[in-house]
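> I'd like to ask some things about the structure below.
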Amino acid sequence: MLRVLTLSTLFPNGAEPTFGTFVERQTLGLAARPGVEVEVVAPVGLPLWPLSRHRHYAARAALATQETWKGLRVHRPRYTVWPKLQRRTPASMARALLPMLREIRERFAFDVIDAEFFWPDGPAAAALSRALGVPFSIKARGSDIQHWGSRADTRAQILEAGRAAGGLLAVSAALKAAMVRLGLPGEKVAVHYTGIDLDLFRPLDRAEAKERFAVEGPLVVTAGALIEKKGQRLAIEALSQIPGATLILVGDGPDRPRLEALAAGSGKRVRLAGRRPHEELPLYLAAADATLLPSASEGLANVWVESLACGTPVVTTDVGGAREVFDRPEAGRLAPREPAALAAALREILDDPPDQEAVRRCAQRFSWERNAAELEAHLLALKEAAPAPSA
């Protein structure tokens, strides 16, 4: 029997059902393994009153403190965040969670803490591990290493937590290399690729799929949060160099007003679909002739694999684990992060589109079954290597 406490600040909730769906799916896969039991702690960070009354936090503050989410028991304890003092966040989280985790252990004697992001989850897990005498693992996903690992006020805590962990995971070999360069112990890091629901993400008749969106001619889709790092501005500028093509941006975020202003000059060739349920994303990806993702940084983007599973090739930048995914021509193209190069790569695909089934085969090595089996083996090894608890 393996009992796992999953600790994740990235986990869906009623207010944000598409937030951290990759963590949700991984956790569901692990919980479905024979002999594995899982409970989830998804902490909710709120500033001190009166900032906590701001409408930005209203939906988060209203979340239930405990619920059953798709069969998983999920706890949502509150902890205090300090917007201008990020270094305090892990300690604040650990202090808030420790009494609750002690209560949970009385009925659910978890063997290991599985932290699903390096900041602030990782250092908080390290503190909780010390207090409870339970081994812990941390998974790196990209921005937690690339952003928080580069900041002077958070780097030391990331290194300390990573060195104390029983084991570490990275979503790509490229991210593992970045972790080693940062100073984390490479011998502790295992590459743990994402999974893909091949029943949900699958090819459709592209012409019929385009009709649902009233699109004629080439269709390009960009999916992700509307933030500068994801490069939607570059996607709009690249589209201007592809006559007759339509671009649909799926997602929402702080860049939306600026992107709407850019789209206004496109003659309705650029559409902002907003945040869509995860179950709708395959409709957009399968309808597209190409997916365009001009990111500044990634670990291994889920939407890369999701697009391939839909039979849709991808144009993206040479970041993170891109070379591990795009290892054959039918998968797509890697291009410099500037509009002319992105447009040239798109034209190559649009002029000579690969077979949908050949593209889909590029994604078939990514499965949730494999992901769950590898995670179980990783966590079980931590349990078995941990010293026996003292009386």
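> GNM on the chain, C-alpha springs below 10 Å: top fluctuator among GLY133, GLY253, GLY267?
GLY267
> Over the Cα atoms of the range 243-297, what is the Rg over Rh ratio if Rh follows Kirkwood?
Ratio value, two decimals: 0.95.
> At a Cα cut-off below 23 Å, give the lysines reachable from LYS210, other chains included and same-chain residues fewer than 8 away excluded.
Reachable lysines: LYS268.
> Suppose R0 equals 56 Å. What FRET efficiency, 1/(1 + (r/R0)^6) with r the Cβ-Cβ distance, do ALA131 and ALA214 give to the nearest 0.05?
Once rounded, the FRET efficiency stands at 0.45.
> Of all DSSP beta bridges in the chain, what percent run antiparallel (nearest 5)?
DSSP beta bridges in the chain are roughly 10 percent antiparallel.
> Restricting to the range 10-141, compute how many DSSP beta bridges are antiparallel as a %, nearest 5.
30
> Something else about it: Pick from ARG360, ARG323, ARG258: which is most flexible by mean-square fluctuation in a GNM of the chain where alpha carbon atoms under 10 Å apart are linked?
Fluctuation is largest for ARG258.
> Cross-link candidates for LYS84: which aspartates and glutamates have Cα within less than 13 Å, leaving aside residues fewer than 8 places away along the same chain?
Here the aspartates and glutamates satisfying the reach criterion relative to LYS84 are ASP153.
> Show which lysines lie in cross-link reach of LYS188 when reach means a straight Cα distance below 25 angstrom and same-chain residues fewer than eight apart are skipped.
LYS139, LYS176, LYS383
> Per residue, how large is the accessible surface of the range 139-259? Use a 1.4 angstrom probe and give square angstrom.
41
> Moving to a separate point now. What length, rounded to one decimal in nm, is gained on full extension from ASP197 through to LEU262, with 0.36 nm per residue of separation minus their alpha-carbon distance?
Roughly 20.0 nm would be gained on extension.
> Treating the beta-carbon of each Lys and Arg as +1 and of each Asp and Glu as -1, no other charges, what is the dipole magnitude of the range 1-103 about its Cα centre, to the nearest 20 debye?
400
> Another one. Mind putting together the pair-distance distribution for the range 258-335? All Cα pairs, 10 Å bins, whole percent per bin, short to long.
Reading upward from the zero bin: 17, 43, 34, 6.
> Take the Cα pairs of the range 207-329, get the Kirkwood Rh, then feed it into Stokes-Einstein at 25 °C and 0.890 mPa s and tell me D in µm²/s.
Translational diffusion coefficient: 170 µm²/s.
> In the Gaussian network model of the chain, springs joining C-alpha atoms below 10 Å, which of ALA335, ALA62, ALA296 carries the largest mean-square fluctuation?
ALA62
> Top to bottom by accessible area (1.4 Å), largest first, where do HIS75, HIS54 land?
Final ranking, largest accessible area leading: HIS54, HIS75.
> So, one more: For the chain, what are Rg and Dmax over the alpha carbons, in angstrom?
21.4, 73
> As a check on your grasp of the helix formula, calculate [θ] at 222 nm for the chain: sum -39500 (n - 2.57) over DSSP H runs of n ≥ 4, divide by the residue count, round to the nearest 500.
-11000 deg cm²/dmol
> Skip the ligands, DNA and RNA, and give the accessible area per residue of the range 285-350 with a 1.4 Å probe, whole Å².
That works out to 26 Å² per residue.
> Normalized C-alpha radius of gyration of the range 7-148, against 2.2 N^0.38 Å?
Dividing the Cα Rg of the range 7-148 by 2.2 N^0.38 Å gives 1.01.
> A follow-up question, please. Counting only heavy atoms of protein chains, what accessible area per residue, in Å², does the range 56-104 have with a probe of 1.4 Å?
Result: 56 Å² per residue.
> Could I ask something else about it? Ordering HIS378, HIS192, HIS278 by how much accessible area each has at a 1.4 Å probe, largest first, what is the list?
The most accessible residue leads, giving HIS278, HIS378, HIS192.
> Just to confirm a number: summing +1 for Lys and Arg and -1 for Asp and Glu over residues other than LYS229 whose beta-carbon lies under 12 angstrom from that of LYS229, what do you get?
Its environment carries a net charge of 0.
> What is the distance, in nm, between label points placed 7 Å from the Cα along the Cα-to-Cβ direction at TRP82 and at ALA340?
Reported label-point gap for TRP82 and ALA340 is 4.9 nm.
> How large a share of the accessible area of the chain, in percent, is made up of carbon and sulfur atoms when the probe is 1.4 Å and the other protein chains stay in place?
The nonpolar share, carbon plus sulfur, comes to 52 percent.
The values are calculated or read from the model by the stated rules, or taken from the named source; none is laboratory data. The structure presented is a predicted model; accordingly, all values stated were derived computationally and were not measured. Every residue, glycine among them, receives a Cβ derived from its backbone with ideal geometry; neighbour counts consider all protein chains shown. Accessible surface is based on the protein model in full, side chains and every heavy atom, while ligands, DNA and RNA are left aside. Shrake-Rupley method; radii C 1.70, N 1.55, O 1.52, S 1.80 Å.
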